[in-house]
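Chemist: Okay, here's the structure, questions in a sec.
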Amino acid sequence: MVDGTCAERFSWPVEHLGQDEHGTWLGARRGNPVRQPDGRREEAQEHDAVWLVAEGAWCLPAFWFTDSTDLTIDICTPPRLDGGVWTFVDLELDLFRNADGCAGIVDQDEFDELALSGHLTDSQVATATEVAQSLLPLVQMEAEPFGGAARAWLRSLRS
């Protein structure tokens, strides 16, 4: 959802795992139902994953630690808990780190298209760009919370 003008969004149930100095950790197991943006179709989550919600952060990291992907990060408005449901506006700009350590920013074209469409404010565009650029070196260096901190939460989800 973008500023209430786009009703399309993904949704899926998550388990509250706990909190630490990095924020609130949420998790979901492989097979978890993920409702697609069309609202009619559900797909099963492919892998166990944990998400980190840091108060006021313009991002939502998802840690997978699979053979191919360590993590993905949605650049978004700060996630918030509303009536028991976590919500955020996905700004389409994403970061990733593969299992081999290669990291980068993806979906720049989708973000640019969204920015040009008028659905984002200049402030949102500037903040999203700044957040993505500042997170990339931290993801590449595996600085916490983008290092091993999430592995303990993933283990707790699986136990």
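Chemist: Name the single residue that is farthest from LEU120 (Cα to Cα) among those in region 74-87 being in a strand (DSSP E or B) and open to solvent by less than 20 Å² (accessible area, probe 1.4 Å). Write out each step before concluding.
Modeler: Taking region 74-87 and keeping what is in a strand (DSSP E or B), we get 74-76, 80-82, 85-87.
Cutting the leftovers down to open to solvent by less than 20 Å² (accessible area, probe 1.4 Å) gives us 75-76.
Numbers: ILE75: 13, CYS76: 11 Å.
Ranking the qualifying residues of region 74-87, first place goes to ILE75.
Chemist: Could you pull out the residue among SER134, SER117, SER156, SER123 that is hydroxyl-bearing (Ser, Thr, Tyr), surrounded by fewer than 18 Cβ atoms within 10 Å (Cβ to Cβ) and within 26 Å of ARG29 (Cα to Cα)? Reasoning before the result, please.
Modeler: Numbers: SER134 fails: within 26 Å of ARG29 (Cα to Cα); SER117 fails: within 26 Å of ARG29 (Cα to Cα); SER123 fails: within 26 Å of ARG29 (Cα to Cα).
Matching residue, one of SER134, SER117, SER156, SER123: SER156.
Chemist: Considering only residues that are within 17 Å of TRP64 (Cα to Cα) and more than 16 Å from the chain's Cα centre (by Cα), which ones fall in region 101-143?
Modeler: Matches in region 101-143: GLY101, CYS102, GLN140, GLU142, ALA143.
Chemist: Could you figure out which of (1) touching a Leu at 6+ places or on another chain (Cβ under 8 Å); (2) within 22 Å of ALA152 (Cβ to Cβ) isn't true of ASP67?
Modeler: (1)
The rows are residues; the columns are (1) in contact with a Leu (Cβ under 6 Å, 6 or more places away or on another chain); (2) under 23 Å from GLY23 (Cα atoms); (3) not small (Gly, Ala, Ser).
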{"site": "PRO61", "(1), (2), (3)": "yes, yes, yes"}
{"site": "THR72", "(1), (2), (3)": "no, yes, yes"}
{"site": "ARG97", "(1), (2), (3)": "yes, yes, yes"}
{"site": "VAL106", "(1), (2), (3)": "no, no, yes"}
{"site": "PHE111", "(1), (2), (3)": "yes, no, yes"}
{"site": "THR127", "(1), (2), (3)": "no, yes, yes"}
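Chemist: Separate question: Give ASP112, ASP107, ASP94, ASP90 a once-over and let me know the one that is of a type in the set (Asp, Glu), open to solvent by 40 Å² or more (accessible area, probe 1.4 Å) and under 25 Å from HIS47 (Cα atoms). Even if it seems obvious, please write down each step before you answer.
Modeler: Working: ASP112 fails: under 25 Å from HIS47 (Cα atoms); ASP94 fails: open to solvent by 40 Å² or more (accessible area, probe 1.4 Å); ASP90 fails: open to solvent by 40 Å² or more (accessible area, probe 1.4 Å).
Exactly one of ASP112, ASP107, ASP94, ASP90 is of a type in the set (Asp, Glu), open to solvent by 40 Å² or more (accessible area, probe 1.4 Å) and under 25 Å from HIS47 (Cα atoms), namely ASP107.
Chemist: For region 12-31, name all the residues that are in contact (Cβ under 8 Å) with a residue 60 or more places away in the chain, open to solvent by 50 Å² or more (accessible area, probe 1.4 Å) and assigned to a strand (DSSP E or B).
Modeler: Hit for region 12-31 is GLU15, nothing else.
Chemist: Next up: Please tell me if GLU142 is at pLDDT below 95, surrounded by 14 or more Cβ atoms within 10 Å (Cβ to Cβ), closer than 20 Å to TRP51 by Cβ and not basic (Lys, Arg). Before you say what the answer is, go through the steps one by one.
Modeler: Numbers: at pLDDT below 95: no; surrounded by 14 or more Cβ atoms within 10 Å (Cβ to Cβ): yes; closer than 20 Å to TRP51 by Cβ: yes; not basic (Lys, Arg): yes.
No; evaluated as a whole, the condition is false for this residue.
Chemist: Sticking with this one: From the set of residues in region 62-73 that are on the phi < 0 side of the Ramachandran plot and in a loop (DSSP other than H, G, I, E, B), which is most open to solvent (accessible area, probe 1.4 Å)?
Modeler: Residues of region 62-73 that are on the phi < 0 side of the Ramachandran plot, as a first pass: 62-64, 66-73.
If we keep only those that are in a loop (DSSP other than H, G, I, E, B) too, we end up with 64, 66-68.
Values: TRP64: 53, THR66: 26, ASP67: 157, SER68: 73 Å².
Within region 62-73, the match that is most open to solvent (accessible area, probe 1.4 Å) is ASP67.
Chemist: OK, next. Suppose we filter LEU135, LEU120, LEU114 for residues that are under 27 Å from GLU15 (Cα atoms) and touching a residue at least 40 places away in the same chain (Cβ under 8 Å); which single one remains? Outline the logic, then answer.
Modeler: Numbers: LEU120 fails: under 27 Å from GLU15 (Cα atoms); LEU114 fails: under 27 Å from GLU15 (Cα atoms).
Residue meeting the stated conditions: LEU135.
The values are calculated or read from the model by the stated rules, or taken from the named source; none is laboratory data. Note that the coordinates shown come from a computational prediction; the quantities given were computed from them, not determined experimentally. Here Cβ is always computed from backbone atoms with ideal geometry, including for glycine, and neighbour counts include all displayed protein chains. Side chains included, ligands, DNA and RNA excluded: accessible areas come from the protein's heavy atoms. Shrake-Rupley method; radii C 1.70, N 1.55, O 1.52, S 1.80 Å.
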